Structures are given as structure tokens and as C-alpha cells.
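Bear in mind these aren't lab numbers, they're just calculated from the coordinates by the rules spelled out. Worth saying up front: this structure is predicted, and the values here are computed from it rather than measured. Note that we place each Cβ from the backbone using ideal geometry, even for glycine, and neighbour counts take in every protein chain shown.
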Amino acid sequence: MTSILAPLALTTSLLAAAPQAAPQVAPAAPGPQSDSDARPAVEIAICLDISGSMDGLIDSAKARLWSIVNDLATAKPTPTLRVALLTYGCDAYDSTTGWVVVDSGLTEDLDLISQKLFALRTNGGTELVGRVVDKAAQTLSWNADPNALKIIVVAGNESADQDQEIRYHQASKTSIEKGILVNSIYCGNATDEHASLWGDVARLADGQFLCIDQSTGAAVPETPFDKQLAELSALVNTTYLACGIAGREAWANQAAQDANAAGLSGGAAAQRAVSKSSALYDNRGWDLVDGCAAGSLKLEDIKDEDLPEEMRGKSLDEKKAMVAAKQAEREKIQTDVQKLQQQRVAWLAAESAKRATQQGQTLDDALKSAIRSQATQRGMQWDEPPAPSTPPAP
């Protein structure tokens, strides 16, 4: 079995984000391509408060990203997905921008979002909710299709009304005028003095207001199926055919994010394995299997030196046969993953039914419910209720 750490030797720079310096803006990936035109578009900008008290929120986001992706992947019709990450409230950021940074623009590269999440470090600062919502609404390359589901998710635990330059009322109004909903997440109790203002942030932009306990949900529950899912996740990496230097770096980052998820828990690694078997995990920009299937990469146009070593010097027909073989191998692995996921979901549901004591709502449970409601208004449907993320504590 290939280790999930095997490709890490290709690059260590991917994990070397300095915790004290503001990260550089990552380029946004292009919007959905021609083969995706028939699929509904979902775009989500995640705005996280990373001031000193928000370690729990960041840990939850790291652990629960794949659960949210997995739920969207079960929608019918299957959507395309682009995600952006913005952070705010960090003293290391530039005060002239309201201590807001776009860590990644809207991208289909979910491994990049995971990489950025794991690089985050808290650092006390001023949390300007209006500024980060406005930044997301005004500067990201949102889909121009009026039927696309476009959502800003902003989370924090201080007053939403600290920004005196761009008030949250103004930011929410700007967002909804652009067709972008705002879901606000207050990390605290719904009866707290700040909660009502966070409710206004969402209400003014036709979004949903959610309250979570940020200390709940960083630990993803483990199941008897997680070890096998992690093994399949590592095995599917061997079916990727990285194109060019950027592709080899992306392939290395794929393994790095496997390791990051595994470092959290077996449950988090299992959730990521399921995401990697879904249609939303799309690496057409660097992987020959995804790229040739989508038409974004053409073997006849790729220089020999940009191909994986095992493909160099081969005829075009031989190259096509190698891509087809990897595609078939991947599809088999992904089918095995989906079968195990069905067993994993059933196991979690059974555990949940056994236990009566309820915990606070987790980040992913809150967002899955909100996004499902909003996606349904765009014509997407789900056959089943959201899969349980965390069985209640005994």
C-alpha cells in the first residue's frame, strides 16, 4: 500500500506558511468549464475570524470541511463547487485593509483550501465583520449566472458592529444586491448580547443565522471503516497523472492534505477519502485523468517533459491507453469508497440512535442544513437527510 506521505518529498514549501505573516493571495481557479454547464453552480466564500479566541473555530473548519463537501456531492443534480477562504481579525494583517486577507480566491482546488486552513494561526485583533463580508462580495470572481448559488459564510464571536467604515448593514446590502447570500455563524449562545447583531448580518442578505459552540466538533467521530477508507484514499493518489511542475506540486499537496486530515483523526481522514471519490473533487487543471475527461488537457498538446516520467517517449495511443487505465482503476477505488461510506453513515446513525444526550450543533451540521435549504430553492434535491456528523455523547 502506498503511504499517504509518499509524495511529500516533492515539495515541503507547500506547508511552510509563516504563522505570523499575512498570507499571499492565492490565484482563483477559472470558473466552471464547458462540461459543467449543465450542472448547477455552488460557490461558497468562508470568512473566518482568526483572532486569539478562535482556535476552536479553525480546528472545526479543518476537521469539517470534507463533511460539507460530501453532503453537497449527494445533491441531485450534482453541482460544481468553488470555495474561497478569507480570514480577518489578525494583528499580523494590514490595518489599512481592515485586517482582512483573501487566503484563496474562489477555486475548485479543495486541497488548496485545506492547505490554507491548516496554515492558519490565531493572533488577537479587531474583528471587522462588515469589512470581510464586503471584501468577499466585491473582490471575488463570482459566477455571473443568476441561477448560481452564491454564499458568503462569516463566522466570529465578537460584536458584528465593530467596523465603523463599512457597517455590516451596508456590506450585507451590497452582497444581496449582487445575488450573494450571507450565512452568519455566531460562535456562542443565541441569548448572548452579540447574537442579535449576527442575526441581522444574515437577515439583511437573505441568509441564515446559525449559532454554534466552537469547542464542539473539532473531533470527528471514528468508525470501524475509517482505516480501510484511509488506505483507499492513499491508493487513489497513485491513479493521478500529474502534468508539469505545478501538477507535481499539486499532487504532493494532495498527499499533504491526506496527512493533515489523518493527523486530526481517523474520522477526518475518512471524510476526506469520501470527498476524493466524489464529483466535486476535480483536479482537471493538473491531473491528466480529470483533465482529459473534461477536455481541459489534451495529450497531443503536452510536451513530453511535462508528462509523468512513465509516459515519456510513448506514442499518443500508448499515452491514451495509460490515461484510460488509470481512470478505470480510480473509478473502481472510488466505488469501493462509496460502498464503505454507506456503511459508515449507517454506523454513525445507529450510534446516534443509541444515545440520548445531545451535544451542541457542529459547524458542518449547521452549514449543511443551511446550504441544503438554500440549494433546494435553486432546484437541487437530496434523497436522504444530512448524514450525522457526530453521534451525541453517551
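At what distance in angstrom do the alpha carbon centres of the stretch 316-333 and the stretch 65-105 lie from each other?
33 Å
Taking θ as phi - 60°, what are the ³J(HN,Hα) couplings along the stretch 97-114 by the Karplus curve (6.51, -1.76, 1.60), each to the nearest whole Hz, with x for Gly and Pro?
9, x, 6, 10, 9, 8, 6, 8, x, 4, 8, 7, 7, 5, 5, 5, 4, 4
Mind ranking 225-233, 337-345 by how tightly packed they are, going by the mean number of other C-beta atoms within 10 angstrom, highest first?
225-233, 337-345
Could you name the lysines in cross-link range of residue 303, using Cα to Cα under 16 Å and dropping any fewer than eight places away on the same chain?
Partners found: 314, 319, 320.
Which value results for Rg/Rh of the stretch 96-173 when Rg is the Cα radius of gyration and Rh the Kirkwood radius based on the inverse mean 1/r?
0.97
If all Cα-Cα distances of the stretch 41-116 are sorted into 10 Å bins from 0 onward, what percent lands in each bin, rounded to whole numbers?
Result, from short to long distances: 17, 46, 28, 8, 1 percent.
Among 353, 242, 234, which one shows the biggest mean-square fluctuation in a GNM of the chain, springs joining Cα atoms closer than 10 Å?
353
Could the peptides 311-323, 362-374 be put in order, highest first, of the mean number of other beta-carbon atoms found within 10 Å of their residues?
With the highest mean Cβ count within 10 Å placed first, the list reads 362-374, 311-323.
Give the residue list of GluC sites (Glu not before Pro) in the stretch 98-206 that are DSSP loop and have at most 11 other beta-carbon atoms within 10 angstrom.
Counting only loop positions with at most 11 other Cβ atoms within 10 Å, the GluC sites (Glu not before Pro) in the stretch 98-206 are 165, 193.
Just for the chain, what percent of DSSP beta bridges are antiparallel, to the closest 5?
Here the share of antiparallel DSSP bridges comes out near 20 percent.
Over 24 Å between Cα atoms, which of 116/368; 135/173; 298/339; 116/332 qualify?
Listed pairs above 24 Å: 298/339; 116/332.
Would you report the distance distribution of C-alpha pairs in the chain as whole percents per 10 angstrom bin, up to the bin with the largest distance?
Values per bin, smallest distances first: 5, 23, 33, 26, 11, 2, 0.
List the residues, sorted by chain then number, that are 5 or more residues from residue 41 or on another chain and whose placed amide H is less than 5 Å from its amide H.
80, 149
In Å³ and rounded to a whole number, note down the convex hull volume per residue for the Cα atoms of the stretch 21-212.
Hull volume normalised by residue count: 108 Å³.
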